[in-house]
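One structure below.
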């Protein structure tokens, strides 16, 4: 079979076979040759060493596989619970994969979205053509492409989506798929439309008023030229013009809101020296990664300042996670902050990521840090110093890159002296302290805040409060506001609800606002605050929490009200 009959010689394939048979015969001869006892022991030793090497390699492979599974699980959680909808399309626009946020955006189960054309959610033909052109540009490998389209989302609502897409080759280079992120810009688009309408209305109103004033001035000039009015008449005319100008400033609440926005620092309303210094401190520290400690009374807006710092930082595109240390039970705060493994304690039926892991790459805001249990302060100190911690029930160290902003309405130095707060943690947190002034120290901002809240609750409740009398404005400015901006907002909301007509009427607690200046000066601020708390407790039958509780009337958290009662020794 291996002989070439024409050339009478071996073919190349048979030559290889012959050489292989010779090697087999040689090995058989060696195999049957008698081995010495030493050689037999050497072979056994080599086999044992080889077996141990294989076991060590298997153990290393198992460990690598476990780490890979943990990494995949973390990626899956970040992918599914991201605040942005992520879609994977094929070249024809069919959905191949989608995260939970994307499925919730469309109001359809994830498994039902697979292999479904995204264009079926776009009702408008022009919008569908825009989406097709967007995919074509992406497939031409022109980098990241952006577009804005409107499509039907959950419950049939129209969603204004902002798309960013990029084409990626499949692993086998047999085609491409398109990765797309979709951000719900419906609220932004609605606000932009509202802002345009408000601007147009303002321009129209200003033009009308300007025309009226011009006509009035012309008539006044003619009357002056014709009748040669006396000086007293002229003064009366100028007084009338000033009154008309003052009325113009208060007639249109939308116009007032535009004036407020001129001094709006994100969500913080104010132009006083005290709050302007806070703005200056925020601008200083926001671009840095330094830890910030916000100090101030309850209701001064520490949360708003924290958000302003985050939005002006390099981490603004990453999440800001807020943790209220007062609201979390002491036995669960560690689990909430650092996460837990399944079975870490009774009731832990699944593994949970902590707030620090969710804030990785972004900012975590620890509100009321003075309420944190002493035993957890050491673990928090380690996160600040080294950026690492362990989940409950897990020995594995987790590393994170998180900027920390903390806030407290307590005197932390007094807490240190009382042994309730770690001194080393205080110095780590107060790298850049910012003190938020109470409302009583920024009375010049009260008119701006009142106009802002009136406009806000006009829109929310459907009222048309257009003016605030000078008497009411003066009384509100003179009040000492123990609950600060939050208390002021609650008062304005109630006043908008109860007011009849277009003038704001503050009916409840008005006597407290009109308290004589001499009486306020005679009492220290602490005594005034204590008397006010007792008055509200008596009014509510010493009920603290609930819709009819004193905490709601004072604009305070129930826990803060209890702390004030302990501070002033208030008992029923």
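The values are calculated or read from the model by the stated rules, or taken from the named source; none is laboratory data. The model shown is predicted, which means the values in this text are computed figures rather than measured ones. No Cβ is skipped: glycine too gets one built from the backbone with ideal geometry, and neighbour counts run over all protein chains shown.
Restricting region 345-355 to residues that are crowded, with 17+ Cβ neighbours inside 10 Å and in contact with a strand residue (DSSP E or B) (Cβ under 6 Å, 6 or more places away or on another chain) leaves a set whose member that is modelled with the lowest pLDDT is 352.
Given 137, 74, which one is surrounded by fewer than 17 Cβ atoms within 10 Å (Cβ to Cβ), in a helix (DSSP H, G or I) and at pLDDT 85 or above? Can you show your working first?
Numbers: 74 fails: at pLDDT 85 or above.
Exactly one residue qualifies, and that residue is 137.
Only one of the numbered conditions (1) closer than 24 Å to residue 281 by Cα; (2) in the same structural domain as residue 311 (by TED's automatic domain parsing) is violated by residue 416, and that is (1).
Of all residues in region 487-501, none that is free of Cβ contacts under 8 Å to residues at least 40 places away in the same chain has its Cβ atom under 6 Å from the Cβ atom of a residue that is surrounded by 17 or more Cβ atoms within 10 Å (Cβ to Cβ) and assigned to a helix (DSSP H, G or I), 6 or more apart or on another chain.
Among the residues making up region 555-567, those that are modelled with pLDDT of 80 or more and surrounded by 15 or more Cβ atoms within 10 Å (Cβ to Cβ) are 556, 557, 558, 559, 560, 561, 562, 563, 564, 565.
Among the residues of region 264-296, those identified as assigned to a loop (DSSP other than H, G, I, E, B), surrounded by 17 or more Cβ atoms within 10 Å (Cβ to Cβ) and at pLDDT below 90 are 270, 272. Checked against the criterion of being within 24 Å of residue 106 (Cβ to Cβ), at pLDDT below 85 and either loosely packed, with under 15 Cβ neighbours inside 10 Å or over 40 Å from the mean Cα position of the chain (by Cα) (or both), region 192-208 has at least one qualifying residue. The set of residues in region 173-191 being part of a loop (DSSP other than H, G, I, E, B) and modelled with pLDDT of 75 or more consists of 185 alone. The set of residues from region 373-414 being touching a residue at least 40 places away in the same chain (Cβ under 8 Å), within 28 Å of residue 562 (Cα to Cα) and part of a loop (DSSP other than H, G, I, E, B) comprises 373, 409, 410.
The requirement of being at pLDDT 80 or above, over 30 Å from residue 396 (Cα atoms) and part of a helix (DSSP H, G or I) is fulfilled nowhere in region 10-31; no residue meets it.
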